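Remarks on the structure that follows.
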Amino acid sequence: MSLGAVGVLALCSLGAAVGVHAAGGDDAAPAAMIAKIIGTYETTEAAIGTDATDPERLAAGEGHQPGDGSAPDPGRAPAPDAPSTPEPAPDDAVDAPPDATATPTPTPDAPAPAPVDPADPLSPEYNPYTTEGDPAYVTDAEKSAWLGREAIVRSCMAAAGFEYLDWQWWLGGSPQPPGQSPEDAAAWSAALRGEGEIDDGCRAEAQRAADDAAAAGAPLSAELPPPPGPEVPTERESWLAFQAAVRSCMNEQGLEYRYWEYWNPAYDSAEGSAAMPPGLDDAARATWSLAAFGSADAQSGGGAPNDSGGCWATGLGASGYRTFD
């Protein structure tokens, strides 16, 4: 059993989902909330260019970045100097055809909603895990027990040769160091979770230590750090900044990417991703998904961020958003 059970959160655009989070299990909030995902897709260089699909460059915030539209149009040659004496146009002159290579104009996005009271459970400024009275509220005792177990995990990972960052899951973020290669990330994950059916990972070791300590009447605990100030964005606000970066990337390609909130059932969509414009035919949906997620088959309504390609990968690099389960 985990050290602290916490509550319930409405979410994601595949349908309103409600779940109980066990603080200390494999299902960490809010990553588990948005983990109905696209899956792991092969990087599609044609979607956003090779710079945006390099995992190390993405983790460093490099790669393709949304531009400001100031780049010259590659389809237009510089205008020639005007002759000193204008020549009259011949009688059979016709208008020149429009330039077919001009950059497409993005479809206007649906506007973001008006700000709501931060005390509203649907506000981006609201954190259910830190708000007393919310069903998902995590008590100080539960946080202390979690951090006590995390100290065991961190020590175990260090002994295995891996860094494990400080992580308070109720504030979002991730304990996994950024910038790992795929091979390093797989080794890091195996050390944490174990391999195969054997519970030999650092998480399992920490849970056994927590169970033994509780049985001995001295439960694991750790001192709580000061809570973040109001100037620190909530996990939801960080996620919206990430989505804004995705939207900018999509707009550069002339594609609409709608505003949506994974925790708000008002944004549920029966057609796939809540960010996808409605009414697209199959070909347009495939084009949109390829640009957004790096795969023409990715049409999920929500999902955990991934670096498999597309504008989601670009948004990760631009925003630095991270989540973990």
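Of everything in region 210-231, what is in contact (Cβ under 8 Å) with a residue 40 or more places away in the chain and surrounded by fewer than 16 Cβ atoms within 10 Å (Cβ to Cβ)? Give them in sequence order.
Across region 210-231, the qualifying residues are Ala222, Glu223, Leu224, Pro225, Pro227, Pro228.
With the requirement that a residue be within 30 Å of Ala119 (Cα to Cα) and charged (D, E, K, R), what does region 185-231 give you?
Listed by number, the residues that qualify are Glu223, Glu231.
I'm told Gln207 meets every condition in (1) touching a Pro at 6+ places or on another chain (Cβ under 9 Å); (2) at pLDDT 95 or above except one. Can you identify the failing condition by its number?
Only one criterion in (1) touching a Pro at 6+ places or on another chain (Cβ under 9 Å); (2) at pLDDT 95 or above is unmet by Gln207, namely (1).
Residue by residue, here is whether (1) closer than 12 Å to Gly310 by Cβ; (2) open to solvent by 40 Å² or more (accessible area, probe 1.4 Å); (3) in contact (Cβ under 8 Å) with a residue 40 or more places away in the chain; (4) of a type in the set (Ser, Thr, Tyr) holds:
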residue	(1), (2), (3), (4)
Trp263	no, no, yes, no
Gly272	no, no, no, no
Pro277	no, no, yes, no
Leu280	no, yes, no, no
Ala284	no, no, no, no
Thr287	yes, yes, no, yes
Leu290	yes, yes, yes, no
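Table: residues versus (1) modelled with pLDDT of 95 or more; (2) farther than 20 Å from Pro128 by Cα; (3) acidic (Asp, Glu).
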site: Gly196; (1), (2), (3): no, yes, no
site: Asp200; (1), (2), (3): no, yes, yes
site: Ala214; (1), (2), (3): yes, yes, no
site: Pro227; (1), (2), (3): no, no, no
site: Glu231; (1), (2), (3): no, no, yes
site: Ser238; (1), (2), (3): yes, no, no
site: Gln243; (1), (2), (3): yes, yes, no
site: Gln253; (1), (2), (3): yes, yes, no
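Looking at region 187-206, which of its residues are out of contact with any helix residue (DSSP H, G or I) (no Cβ under 6 Å at 6 or more places or on another chain) and of a type in the set (Asp, Glu)?
If the condition is that a residue be out of contact with any helix residue (DSSP H, G or I) (no Cβ under 6 Å at 6 or more places or on another chain) and of a type in the set (Asp, Glu), then Glu195, Glu197, Asp199, Asp200 are the ones that fit.
Just one of Pro124, Pro175 is touching a residue at least 12 places away in the same chain (Cβ under 8 Å), closer than 21 Å to Glu205 by Cβ and part of a loop (DSSP other than H, G, I, E, B); which is it?
Pro175
When residues of region 131-170 are filtered for being outside any loop (DSSP other than H, G, I, E, B) and either crowded, with 19+ Cβ neighbours inside 10 Å or not hydrophobic (A, V, I, L, M, F, W, C) (or both), how many remain?
18
Would you confirm whether any residue within region 247-259 is of a type in the set (Phe, Trp, Tyr), within 22 Å of the chain's Cα centre (by Cα) and not in a loop (DSSP other than H, G, I, E, B)?
no
Being among the hydroxyl-bearing types (Ser, Thr, Tyr) and open to solvent by 40 Å² or more (accessible area, probe 1.4 Å), is that true of even one residue in region 178-199?
No, region 178-199 has no match at all.
Hey, can you tell me all the residues within region 307-325 that are open to solvent by 20 Å² or more (accessible area, probe 1.4 Å), modelled with pLDDT under 90 and in contact with a helix residue (DSSP H, G or I) (Cβ under 6 Å, 6 or more places away or on another chain)?
Listed by number, the list holds a single entry, Asp307.
The values are calculated or read from the model by the stated rules, or taken from the named source; none is laboratory data. This is a predicted model, so every value here is computed, not measured. Note that we place each Cβ from the backbone using ideal geometry, even for glycine, and neighbour counts take in every protein chain shown. Accessible surface is based on the protein model in full, side chains and every heavy atom, while ligands, DNA and RNA are left aside. Shrake-Rupley method; radii C 1.70, N 1.55, O 1.52, S 1.80 Å.
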